[in-house]
Amino acid sequence: MEPFTRLQGIVAPLDLPDVDTDQIIPKQFLKRIERTGFGQFLFYDWRFIDGKKQDPAFEMNAERYQDAAILIARANFGCGSSREHAPWALRDYGFRCIIAPSFADIFYNNCFKNGILPVCLSEDQIEALFQKVRQTSGYSLDIDLEKEHITSNDGINLKIEIDPFRKNTLLRGLDDIDLTLKNEEKVSAYEARLAGTPSLSL
Amino acid sequence: MPAKTMLEKIWGDHLVHEEPGRPSLLYIDRHLVHEVTSPQAFEGLRLSGRRVRRPELTFATPDHNVPTTDRSLPIEDLTSAKQIETLSENCREFGVTLFDLKSPDHGIVHVIGPDLGLTLPGVTLVCGDSHTSTHGAFGALAFGIGTSEVEHVLATQCLLQEKPKTFLIEIKGQRPYGVEAKDMVLSIIGRIGTAGGAGYVIEYGGEAIRELSMEERMTICNMSIEGGARAGMIAPDEKTFHYLRGRRYAPADFDAAVAQWKKLPSDPGASFDRTLTLDVASLAPQVTWGTNPGQVASIDARVPNPDNLPDANQRKSAERALEYMGLKADMPIEEIGITRVFIGSCTNSRIEDLRRAANFVKGRQVSSKVDAMVVPGSQKIKQKAEREGLDRIFREAGFEWRESGCSMCLGMNPDTLEPGERCASTSNRNFEGRQGKGGRTHLVSPLMAAAAAVEGHFVDIRQYTPQEES
Ligand code: SF4
């Protein structure tokens with residue numbers, strides 16, 4: 001996995017609560033068997049009119065957000081389906097950090113497996129960010145995972161809370177499977193212990 | 001020994017390794033796989049030269065993409081066909097058991113797991129699908145995972161997990177006629193909100209839960225994810241054991257297994273991180289009016305007026321939902337007219353669901369304004385229903401009778417809503433565009449869906465007395 005250490009990037013707003021993974025990447029695009037190429041379909045039903053023309057009413061479509069790498073959103077972001085296509089699409093589109101008051105569980109997990117940093121801030125902090133993003137074209141934030149803070153040119157300095165294990169895997173781009181395989185003998189010992197349990201036999 | 005919850009017992013039984021500051025390594029007993037969330041996981045194994053650690057513990061079926069029309073015809077959508085074929089190839093290459101489209105055991109992954117006896121009390125069961133919570137109805141710890149985790153389970157038969165918090169929802173009282181498991185769970189979500197269960201595993205208990213059949217318990221646990229919880233569970237009891245006895249993959253020494261399973265229920269006095277008690281006696285049938293399952297009202301109520309909602313976020317969300325749904329604030333729910341009806345999905349496509357709906361439509365006709373379809377959850381259910389003559393009842397009433405699959409629950413196959421079409425659906429999600437771009441979904445029980453099909457709008461099922469239905 002690609003490590004995440006520090007990110008300086010333009011912020012784009014998505015001003016809706018309960019954004020579900022069906023909206024992040026609609027089902028008609030889940031038929032691909034690859035992990036890549038989903039960015040073009042991100043927020044498809046909101047971004048496009050009739051699947052072709054960009055909808056000017058969708059805020060993220062504005063020219064000033066085109067190179068955004070950070071998304072700010074409202075509560076319960078990523079609810080619904082477990083599809084990892086959602087973080088794949090966000091990453092492929094260019095987002096490496098999502099900031100929201102809260103995230104749905106499976107989506108939150110899935111982000112870490114794909115080098116995306118999900119950050120929880122309070123509703124008030126997010127509201128302030130929405131205002132700044134709208135006031136200043138090209139508004140950007142500097143996210144330092146090592147130091148666990150977010151800063152900006154206009155003096156923002158926010159603390160990020162992140163689980164130390166997750167932080168370490170992101171910083172070093174570690175792969176969970178490799179980590180687990182380091183405990184291979186424990187897995188084998190567990191299997192030997194459980195062998196023959198009546199309630200588990202197939 | 002301190003009193004433990006069922007979750008704590010299952011968790012403890014599956015701990016492979018624990019160390020401070022890291023998620024626990026948990027052993028996974030059963031792994032279910034479908035065509036949409038697995039190809040990249042198998043590809044990952046190939047790229048890293050890994051094998052499936054315990055192929056005999058993983059079972060696969062294609063369900064999301066498959067057509068529900070004539071199965072002898074080739075699949076028209078070539079990308080769907082490719083994804084389904086890729087699943088077959090991956091299962092062959094890695095030695096995983098597959099129930100393909102031609103198998104008599106084909107069906108929605110969360111329907112066939114219990115049906116085959118793969119879902120058992122006390123097991124950890126995962127699938128790359130959020131509605132894996134369904135299997136918790138048997139007293140399993142069952143939850144949905146992402147594709148990276150699917151790969152992790154394939155490679156290691158384990159998962160790295162943070163221990164969830166526990167949430168006991170106790171449901172008391174006697175269910176009135178016309179109030180189904182679906183209504184119970186919709187009202188719970190309406191109450192706790194779509195993120196209310198985040199970070200928790202919900203255990204459902206109380207007399208109203210004990211009264212439920214296994215099918216009904218699955219409906220409740222299925223929608224736990226819609227309340228934000230990753231898993232729901234119900235303690236196993238005689239009903240659970242009775243349901244499982246004799247199923248193909250049920251333990252050979254069944255009595256010994258039952259003896260172990262009886263130790264699973266939460267101990268008296270076990271403490272939960274959160275509790276909630278509800279009474280089902282005064283519950284009415286539920287209909288969602290918005291674009292998430294928490295936006296729900298009783299059939300005898302009105303569409304809410306966003307101006308009356310206390311919270312600014314809720315207000316905004318309700319305004320947007322009403323606009324998308326094409327509904328007016330304060331209109332009676334019963335006046336909402338529909339043109340499509342979908343009876344199916346892993347929430348409500350089991351034999352009892354079909355029986356109840358058929359019992360209602362028998363001798364009645366689907367409204368001339370309505371297109372209605374029934375999609376059984378599995379081939380076995382379909383055949384059973386046909387032996388009981390339910391297909392004939394549905395067809396005579398004007399329903400289409402289809403082959404098994406996810407179908408219009410998410411419309412990845414050709415079964416979709418057109419923009420603006422309004423559907424009474426027994427599925428679990430009413431998100432914008434879920435059943436087709438611009439489609440408007442109202443979640444209801446099978447009985448309420450059947451009644452809406454006949455009347456062309458939502459009706460209070462309680463106005464039909466049970467006798468009248470026989
Ligand atoms: S029936 Fe619907 S919710 Fe259930 S697994 Fe299929 S798509 Fe998902």
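Overview of results
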quantity	calculated
Filtered residues of the range B:70-103 (kept if of a type outside the set (Gly, Ala, Ser) and in a loop (DSSP other than H, G, I, E, B))	B:Asp70, B:Arg71, B:Leu73, B:Pro74, B:Ile75, B:Glu76, B:Asp77, B:Val96, B:Phe99, B:Asp100, B:Leu101, B:Lys102
Hits in the range A:140-197 - residues which are of a type in the set (D, E, K, R) and in a helix (DSSP H, G or I)	A:Arg166, A:Lys167, A:Arg172, A:Asp176, A:Asp178, A:Glu184, A:Glu185, A:Lys186, A:Glu191, A:Arg193
So B:Ser425, is it within 11 Å of the ligand (Cβ to nearest atom), over 14 Å from the mean Cα position of the chain (by Cα) and either more than 12 Å from chain A (Cβ to nearest Cβ) or buried (at least 24 other Cβ atoms within 10 Å of the Cβ) (or both)	no
Boolean, B:Phe272 is over 25 Å from the mean Cα position of the chain (by Cα) and modelled with pLDDT of 95 or more	no
Filtered residue count, the range B:47-69, keeping only those that are away from the ligand (no atom under 16 Å from the Cβ) and outside any loop (DSSP other than H, G, I, E, B)	6
Residue in the range B:163-178 that is assigned to a helix (DSSP H, G or I) and buried (at least 24 other Cβ atoms within 10 Å of the Cβ) present	no
Flag if B:Val370 is within 27 Å of B:Asp129 (Cβ to Cβ) and out of contact with any Cys (no Cβ under 6 Å at 6 or more places or on another chain)	no
Which numbered condition B:Gly389 fails, given (1) within 14 Å of chain A (Cβ to nearest Cβ); (2) at positive phi; (3) free of Cβ contacts under 8 Å to residues at least 40 places away in the same chain	(1)
Filter result for B:His131 (touching an Asp or Glu at 6+ places or on another chain (Cβ under 8 Å), crowded, with 23+ Cβ neighbours inside 10 Å, within 13 Å of chain A (Cβ to nearest Cβ) and part of a helix (DSSP H, G or I))	no
Residue satisfying all of: in the range B:243-269; away from every other protein chain (no Cβ under 14 Å) and under 23 Å from the mean Cα position of the chain (by Cα); surrounded by the most Cβ atoms within 10 Å (Cβ to Cβ) among these	B:Tyr243
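Let's see how each residue does on (1) within 14 Å of chain B (Cβ to nearest Cβ); (2) more than 16 Å from the ligand (Cβ to nearest atom):
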position	(1), (2)
A:Ile10	no, yes
A:Leu30	yes, no
A:Asp45	yes, yes
A:Asp55	yes, yes
A:Gln66	no, yes
A:Ala75	yes, yes
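Conditions (1) in contact (Cβ under 8 Å) with a residue 60 or more places away in the chain; (2) within 21 Å of the chain's Cα centre (by Cα); (3) more than 24 Å from B:Leu116 (Cβ to Cβ); (4) crowded, with 20+ Cβ neighbours inside 10 Å, marked per residue:
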site: B:Gly12; (1), (2), (3), (4): no, no, yes, no
site: B:Arg22; (1), (2), (3), (4): yes, no, yes, no
site: B:Gln40; (1), (2), (3), (4): yes, no, yes, yes
site: B:Arg50; (1), (2), (3), (4): yes, no, yes, no
site: B:Arg53; (1), (2), (3), (4): yes, no, no, no
site: B:Ala60; (1), (2), (3), (4): no, yes, no, yes
site: B:Asp63; (1), (2), (3), (4): yes, yes, no, yes
site: B:Arg71; (1), (2), (3), (4): yes, no, no, no
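The values are calculated or read from the model by the stated rules, or taken from the named source; none is laboratory data. Computed from a prediction, not measured in an experiment: that's the story for all the values here. Here Cβ is always computed from backbone atoms with ideal geometry, including for glycine, and neighbour counts include all displayed protein chains.
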